[in-house]
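The values are calculated or read from the model by the stated rules, or taken from the named source; none is laboratory data. Note that the structure is a prediction, hence the values are computed from the model and not measured. Reconstructed Cβ throughout: ideal geometry from the backbone, glycine too, with neighbour counts over all protein chains shown.
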Amino acid sequence: MAGKKKKILGIVCERSVDLKKHIKNNKLKDKDNVSILEMVCSGMIQPIMIEEGLKAGADGVFVMGCQIGDCHFREGNRWCQDRLLGLRPPNIKKAIDRNRLRGYWLAKCDYKKFIEKVNKFEEDLNNLPEKETVKEPAKAGA
Amino acid sequence: MYKKILDQLQILTISFEKWTNKVFSQQYNPFYYHGAVPNLFMWTLFVTGLLLFAYYQPTLDSAYISVNYISNKLPFGNIVRGMHRYAADAMMIAVLLHALRVYFTDRYRKYRWIAWYSGVALIGCMLVIGITGYILVWDERSYMIVLMMADALKQIPAIGPPLAEFFVNGEMITHYTLAMSFFLHVGISFLLLYLLWLHYLRISRPVTDVPLGLGLLLMASIIIPAAVIPVSSGKPAVLIQVPAEFPTDWFYLWLFPMFSSMPAMIVWTVLFIITTILLAVPFLIIDEPKSPAQVLLDNCVGCTLCAKDCPYEAIYMVPRTDHPKFKQLAIVIDARCAECGLCVGACAFKAIDLPQKHSKEIIAKIGDVLKEPVGVG
């Protein structure tokens, strides 16, 4: 794994940071190790989707919604934040390594801040020990 | 074109709010409580209005005297009166900002049209309440308002003359004129509450209260001006003398400079056109046909999570009898659904989904998105 870029999956609200110009083939143009999946609202993100992302080979998953307090659909980003924090059902599985999850709450014009945060996330992932796939219950079932 | 301008305005609004976040912090940003701020001012008006109500006398002879009595003799009467005036102005500012923000951020149409329509009606009521409120003081300005308003109303064809008579409460200005203004001022305030109920319909957990810190700040913004620049009446109205000019309140009395500079019929036509445009605005942009969320009968376990999370009261739980174990079933009211997918995020059983953006497809897509070898894109 040494030298290889960490794979990052971003599940993103289409109304937060405007990524339409920065995406090609679902990858960020500036950072091709970051895959982006756009959603109607961050509130639509199911914990299964986050788990699925890690299972499918991502080293880290981040969720991005609008600034807390300003959701187009009123409460979506708050529900999503609460789910990431484990305050609202359905919960994310306990087996999931919380170090590999991030939640960003940024406004439409925050692209610079977004890239900074993703870079920081990548750095953090590089500092983490190798992903232990054995712990994944799905792996045992396969 | 129209859509592009709106998009730019939305970005402008959001950047402005980002900047206010730096000043107020996210938790106290007044723009995140843009609906609750007018509400705070409205309740301030109700409370201060109740205090004024206790001492006000709606007759030609004593109205002016009783208002001055409140201002000069009653302890804190001055401040209460000032708060009533300044809160009214602040409420108008807050309401207009609220409307502008909702418009700029595209939150006024589709499933939100009821809120927009009731909002237009609320602003109309506020104008009537404001104008009649200025009559109650019964100084020269009040007298002019009654004269000009009656005159302007008379010029509307067919319904005009009876309306004018209703407004003046008779052929000429008497004690009953003030009684009518008083009735309209207080009565329509209660109509506000009914319209507010309409305004809150279809919204689960409406944000009606500002955080304490912001509330104190906003209250200070009315109480301090009320104490520093006390509100005072003009010269008392004398029915034989028509005053030449009077100071205008630009939030509620902007109609009257218009009345004095152009024929009343033109003003009414302009008002009518503005209202029509406002009522048409939610339907100017045409969208794709609706595809509301759908519940899968077989998967729904009746856990109520989606009904709790729905921000528009579109999901209800109904009893079910077709399943041996589960006693409840979620149903979606199509007309209210915003297609936001919050219910999909709340469901752990894959029982509710948006037909256009199916969660199964999204999950399948996750694999595809990641599978592509890094660097190909």
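Residue-wise test of (1) part of a helix (DSSP H, G or I); (2) modelled with pLDDT under 95; (3) surrounded by fewer than 20 Cβ atoms within 10 Å (Cβ to Cβ).
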site: B:114; (1), (2), (3): yes, yes, yes
site: B:121; (1), (2), (3): yes, no, yes
site: B:126; (1), (2), (3): yes, no, no
site: B:173; (1), (2), (3): no, yes, yes
(message) For region B:1-24, give me each residue that is within 24 Å of the chain's Cα centre (by Cα) and of a type in the set (Ser, Thr, Tyr).
(response) B:13, B:15, B:20
(message) Taking the criterion of being surrounded by 15 or more Cβ atoms within 10 Å (Cβ to Cβ), at pLDDT 85 or above and over 23 Å from residue B:180 (Cα atoms), would at least one residue in region B:50-67 satisfy it?
(response) no
(request) Among the numbered conditions (1) within 30 Å of residue B:154 (Cα to Cα); (2) in contact (Cβ under 8 Å) with a residue 12 or more places away in the chain, tell me where residue B:266 comes up short. (result) (2)
(request) Give the residue that is surrounded by the fewest Cβ atoms within 10 Å (Cβ to Cβ), with candidates limited to residues of region A:92-127 that are of a type in the set (Phe, Trp, Tyr) and under 20 Å from residue B:11 (Cβ atoms). (result) A:111
(message) With the condition being in contact (Cβ under 8 Å) with a residue 12 or more places away in the chain, farther than 29 Å from residue B:101 by Cα and at the interface with chain B (Cβ under 7 Å from one of its Cβ atoms), I'd like the strands (runs of 3 or more DSSP E) fully within region A:2-79 carrying at least 1 qualifying residues.
(response) A:8-13, A:34-39
(message) Considering only residues that are outside any loop (DSSP other than H, G, I, E, B), in contact (Cβ under 8 Å) with a residue 24 or more places away in the chain and acidic (Asp, Glu), which ones fall in region A:109-134?
(response) A:122, A:124
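Tell me yes or no: at least one residue of region B:210-219 is among the β-branched types (Val, Ile, Thr), part of a helix (DSSP H, G or I) and either out of contact with any helix residue (DSSP H, G or I) (no Cβ under 6 Å at 6 or more places or on another chain) or surrounded by 16 or more Cβ atoms within 10 Å (Cβ to Cβ) (or both). If you could, list the steps in order and put the result at the bottom.
Taking region B:210-219 as the starting set, the residues that turn out to be among the β-branched types (Val, Ile, Thr) are B:210.
Subset that is part of a helix (DSSP H, G or I): none.
Within region B:210-219, none of the residues are among the β-branched types (Val, Ile, Thr), part of a helix (DSSP H, G or I) and either out of contact with any helix residue (DSSP H, G or I) (no Cβ under 6 Å at 6 or more places or on another chain) or surrounded by 16 or more Cβ atoms within 10 Å (Cβ to Cβ) (or both).
Let's see how each residue does on (1) within 14 Å of chain A (Cβ to nearest Cβ); (2) in a helix (DSSP H, G or I); (3) farther than 15 Å from residue B:218 by Cα:
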| position | (1), (2), (3) |
| --- | --- |
| B:7 | yes, yes, yes |
| B:15 | yes, yes, yes |
| B:31 | yes, yes, no |
| B:39 | no, yes, no |
| B:48 | no, yes, yes |
(request) Pairs only if they're at least six apart or on different chains, beta carbon under 8 angstrom, first in region B:100-113 and more than 12 Å from chain A (Cβ to nearest Cβ) and farther than 15 Å from residue B:7 by Cβ, second hydroxyl-bearing (Ser, Thr, Tyr) and surrounded by fewer than 17 Cβ atoms within 10 Å (Cβ to Cβ); list them, first residue then second. (result) none
(message) Can you tell me which residue is farthest from the other protein chains (Cβ to nearest Cβ) among those in region A:87-108 that are charged (D, E, K, R), in a loop (DSSP other than H, G, I, E, B) and touching an Asp or Glu at 6+ places or on another chain (Cβ under 7 Å)?
(response) A:93
(message) For region B:318-339, which positions are surrounded by 16 or more Cβ atoms within 10 Å (Cβ to Cβ) and either within 14 Å of another protein chain (Cβ to nearest Cβ) or modelled with pLDDT under 90 (or both)?
(response) B:336, B:337, B:338, B:339
